[in-house]
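*Asks:* Got a structure for you, questions after.
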Amino acid sequence: MVEFKKLSECIEKKQEIFIDRLRRAVEIPSVSAEAGHRNDVFRMIDWTQKELEKLGATCEQIQNGKQEMPDGTILDLPPVLFATLGQDKSKKTLCIYGHLDVQPAALCDGWDSDPFKLTERDGKLYGRGSTDDKGPVMAWINAIETLQEMKVDIPINIKFVLEGMEESGSVGLDDILIKHKDSFLSDVEFTCISDSYWLGKSKPCLAYGLRGLCYYCVEISVCQQDLHSGVFGGTVHEGMADLCWLMSQLIDAEGTIKIDGIHEQVAPVTAEEIELYKKIDFDIDDYRNDLKAHKLVTDDKVKILMNRWRFPSLSIHGIEGAFAGPGAKTVIPAKVVGKFSLRIVPDMTPKAVDKCVIDYLNKLWAQRKSPNQFKVYPTKGSKPWLADYKNPHYQAGAKAIKTVFGTEPDYICEGGSIPVTLTFQELTQKNVMLLPIGACDDMAHSQNEKINITNYMDGTKVLAVYLMELGNCSS
Ligand SMILES: C[C@H](N)C(=O)N[C@@H](Cc1c[nH]cn1)C(=O)O
Ligand SMILES: [Zn+2]
Ligand SMILES: [Zn+2]
């Protein structure tokens, strides 16, 4: 086993190279949700392939067909990048998943610097994708590169599955993985994903649960084109008024979901779980301060954590077709599409949730007695995921964290969703672990997303030590 002190020094010496690698990754605006950036997603995949090839990996881009956008345009889906490093039959194989696409971002959203120029301020690296998920993907590359330069024999074979559509529902990925179950995935013994965040700012953690996601569109059309509200106001049934009324019936002021049949699907909380949650090191005042929230829905630590991980939540995201710019445009939109989603937990399933949501909205629509055209439909849904954190694979992760930070990790769940996690678990029938490197205040998906330099560098160390620990791991 490589001496940690030496490994740590080698990683520290390469800090500028590693930051530069992340800088080049962030500079490619690989926003999967925007048609105008689709080529950048392709570019990002090509660029990462070259980085992996420099490590000696054999790469293959698995083509992923086409995607029809809501306006009817057809776009090529980015390929999924498969990479293989090492094919030693005497070694076990680790599969690393990550994503190379990012959420949309623009300076005018309220960023303090260009989201696609990695900018260092106070030991933090700001930029879209810095923590979600380009930083962690680069940290894997950094870790392998360092071990290779130190001439260390990595005790496992490594496979990468890197996609470019995660932030848009991982379109096509499950089908590709299912097709490669008996080939590329057949020898996978462990899967590790670094695409989530610590619970706090200083204590590392391992995550063993994710919520699933069910996303919905509610479409209301009034007429053929937008109307002048002075000329036509008072003569038509306004779609925005219908939609705002419908959306206001989804949750109450406390955030409790009002849709019939949702709460009944949630697995009952056990006394043992409550005890587990009580022990988690989580400062509720810090959390509120970080968010600069006026007030949280409760000051009870266990309830807040359970609301994040153990119970469903419903969020209203936006209205397509509605006026959202500055100024005072006076228009009646011809058609509006409301967007909301539910994060779902065991024992909820997208199928059962879809039925409740659609039945509930149809019931409300009948009450509204509007003559407008109404349609509600789910976009992609994903199930929640839970893993066995007592598996030796988690012990390898914990040992790596102990080596780098001198402390045991917290074992936590994550409120977000990475749908492919469950797919890996089901297809390989092996343990999957989430090993985050970013801090709780990294603000993924938001303005001023960042990763701390310390997290990026220590994260690289943890991933390198974890690769070495896997050599002794029998899952
Ligand atoms: C936790 C992960 N880094 C993440 O951000 N996942 C997204 C997945 C998603 C699904 N549809 C769009 N994005 C999330 O939880 O929102
Ligand atoms: Zn992510
Ligand atoms: Zn994300």
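*Asks:* Within segment 118-203, count lysine pairs with alpha carbon atoms under 21 angstrom apart where the residues are 8 or more positions apart or belong to different chains.
*Replies:* Details: K124/K134; K124/K201; K124/K203; K134/K159; K134/K201; K151/K159; K159/K179; K159/K181.
So the count of such lysine pairs works out to 8.
*Asks:* Applying a 10 Å radius around every beta-carbon, put 282-291, 344-353 in order of their mean neighbour count, most first. Before the final figure, lay out the partial values.
*Replies:* Working: 282-291: 14.0, 344-353: 18.7.
Packing order, densest peptide first, comes out as 344-353, 282-291.
*Asks:* By how many nm would the segment from S90 to H237 grow when fully extended, if each residue of separation counts as 0.36 nm and the alpha-carbon distance is taken off?
*Replies:* The span from S90 to H237 would gain 45.9 nm if fully extended.
*Asks:* For the full complex of protein chains and a 1.4 angstrom probe, list S474, S130 by accessible area with the highest value first. Before the final figure, lay out the partial values.
*Replies:* Numbers: S474 75, S130 0 Å².
Highest to lowest solvent-accessible surface, that is S474, S130.
*Asks:* Please list, in order along segment 154-171, the HN-Hα scalar couplings obtained from phi with the Karplus expression 6.51 cos²θ - 1.76 cosθ + 1.60 (θ = phi - 60°), rounded to whole Hz, x for Gly and Pro.
*Replies:* So the Karplus estimates, Gly and Pro as x, are 5, x, 9, 7, 10, 10, 10, 10, 10, 10, x, 10, 4, 6, 10, x, 6, 4 Hz.
*Asks:* Each label point is 7 Å from the Cα along the Cα-to-Cβ direction; what then is the distance between the points at K201 and V331, in nm?
*Replies:* Here the modelled spin labels are 4.3 nm apart.
*Asks:* I want the local charge near E414. Using Cβ-Cβ distances under 11 Å, sum +1 for each Lys or Arg and -1 for each Asp or Glu among the other residues.
*Replies:* Local charge sum for E414: +2.
*Asks:* Here's a follow-up. Can you tell me the dipole magnitude for the chain around its Cα centre, using point charges on the Cβ only (Lys, Arg +1; Asp, Glu -1), in Debye to the nearest 20? Spell out each step's value before the answer.
*Replies:* Working: 55 positive and 68 negative charges, 49 e Å.
Value, rounded to 20: 240 debye.
*Asks:* A further question on this structure: Taking all protein chains in place and a 1.4 Å probe, what share, in percent, of the accessible surface of segment 311-377 do carbon and sulfur account for? Show your work: numbers first, answer last.
*Replies:* Numbers: 1910 of 3520 Å².
Summing carbon and sulfur atoms, their accessible area is 54 percent of the total for segment 311-377.
*Asks:* Then there is this: In a shell of Cβ-Cβ distance under 12 Å around C59, excluding C59 itself, what net charge do Lys and Arg (+1) and Asp and Glu (-1) give? Don't skip to the answer; put the middle values down first.
*Replies:* Working: positive: K50, K54, K159; negative: D46, E51, E53, E60.
Value of the local net charge: -1.
*Asks:* In the P(r) worked out for segment 246-343, what percent of Cα pairs fall beyond 16 Å?
*Replies:* Values: 3295 of 4753 pairs.
Percentage above 16 Å: 69.
*Asks:* So for segment 40-186, considering every pair of alpha-carbon atoms, how many percent are separated by more than 21 Å? Intermediate results must be reported in sequence, preceding the final value.
*Replies:* On the way: 5485 of 10731 pairs.
The proportion of pairs with Cα distances above 21 Å equals 51 percent.
*Asks:* Please compute the per residue accessible area over the chain with all protein chains in place, 1.4 Å probe, rounded to a whole number of Å². Working shown, then result.
*Replies:* Values: 21190 Å² over 475 residues.
Each residue of the chain exposes 45 Å² on average to a 1.4 Å probe.
*Asks:* Only residues of segment 360-403 count here: report those whose backbone N is under 17 Å from the spot 7 Å along Cα→Cβ of Q429, or say none.
*Replies:* 388
*Asks:* I want the local charge near L118. Using Cβ-Cβ distances under 12 Å, sum +1 for each Lys or Arg and -1 for each Asp or Glu among the other residues. Show your work: numbers first, answer last.
*Replies:* Details: positive: R21, R23, R24, K117, R121, K124, R128, K134, K450; negative: D20, E27, D114, E120, E449.
The answer is +4.
*Asks:* If you only keep lysine pairs separated by 8 or more in sequence, or across chains, how many in segment 318-411 come under 20 Å at the Cα atoms?
*Replies:* 19
*Asks:* How much length is gained if the chain between E120 and K50 is pulled fully straight, taking 0.36 nm per residue apart and subtracting their Cα-Cα distance, in nm to one decimal? Mind showing how you got there, number by number?
*Replies:* Values: separation 70, 0.36 × 70 = 25.20 nm, distance 2.55 nm.
This chain segment gains 22.6 nm when fully extended.
*Asks:* List the aspartates and glutamates whose Cα sits under 17 Å from the Cα of K279, skipping any in the same chain fewer than 8 residues away.
*Replies:* D299, D300, E408, D410, E414
*Asks:* Now for a different question. Between A352 and K295, 0.36 nm times their residue separation minus their Cα-Cα distance comes to what?
*Replies:* Working: separation 57, 0.36 × 57 = 20.52 nm, distance 3.26 nm.
Residue separation times 0.36 nm, minus the Cα-Cα distance, leaves 17.3 nm.
*Asks:* Tell me the label-point distance for the pair R368, Q15, using the 7 Å Cα-to-Cβ offset, in nm and rounded to one decimal.
*Replies:* With each label point 7 Å from Cα toward Cβ, the separation is 5.6 nm.
*Asks:* What order do you get for 87-100, 245-258 when each peptide is scored by the mean count of other beta carbon atoms within 10 Å, highest first?
*Replies:* Numbers: 87-100: 19.4, 245-258: 13.9.
Result, highest mean first: 87-100, 245-258.
*Asks:* Percent of accessible area on segment 167-219 owned by carbon and sulfur, 1.4 Å probe? Mind dumping the intermediate values first?
*Replies:* On the way: 840 of 1700 Å².
Carbon with sulfur: 50 percent of the solvent-accessible area.
*Asks:* Largest first, please: the extent of the C-alpha atoms of segment 159-291 along each principal axis, to the nearest Å.
*Replies:* Principal axes ranked by extent give 66, 44, 32 Å for the Cα atoms.
*Asks:* To continue, here is another question. In Å, what is the Rg of the alpha-carbon atoms in segment 1-79, and how long is Dmax?
*Replies:* Taking only Cα atoms of segment 1-79, I get Rg and Dmax of 17.5, 57 Å.
*Asks:* Take each of the peptides 151-164, 299-312, average the number of other beta-carbon atoms within 10 Å over its residues, and list them starting from the highest. Present the calculation step by step, with values, prior to reporting the outcome.
*Replies:* Numbers: 151-164: 20.9, 299-312: 17.9.
So the peptides 151-164, 299-312, ranked by packing, come out 151-164, 299-312.
*Asks:* With the radius of gyration and the Kirkwood radius both derived from the Cα set of the chain, what is their ratio Rg to Rh? Mind dumping the intermediate values first?
*Replies:* On the way: Rg = 23.3 Å, Rh = 23.8 Å.
The Rg/Rh ratio comes out at 0.98.
*Asks:* Within the chain, what percent of beta bridges assigned by DSSP are antiparallel, to the nearest 5? Don't skip to the end; give the middle numbers.
*Replies:* Details: 50 of 73 bridges.
Beta bridges within the chain, antiparallel portion: roughly 70 percent.
The values are calculated or read from the model by the stated rules, or taken from the named source; none is laboratory data. The structure displayed is predicted, hence computed values, not measured ones. Cβ: placed from backbone, ideal geometry, glycine included. Neighbour counts: every protein chain shown. Note: accessible area is taken over every heavy atom of the protein model, side chains too, but ligands, DNA and RNA are not part of it. Shrake-Rupley method; radii C 1.70, N 1.55, O 1.52, S 1.80 Å.
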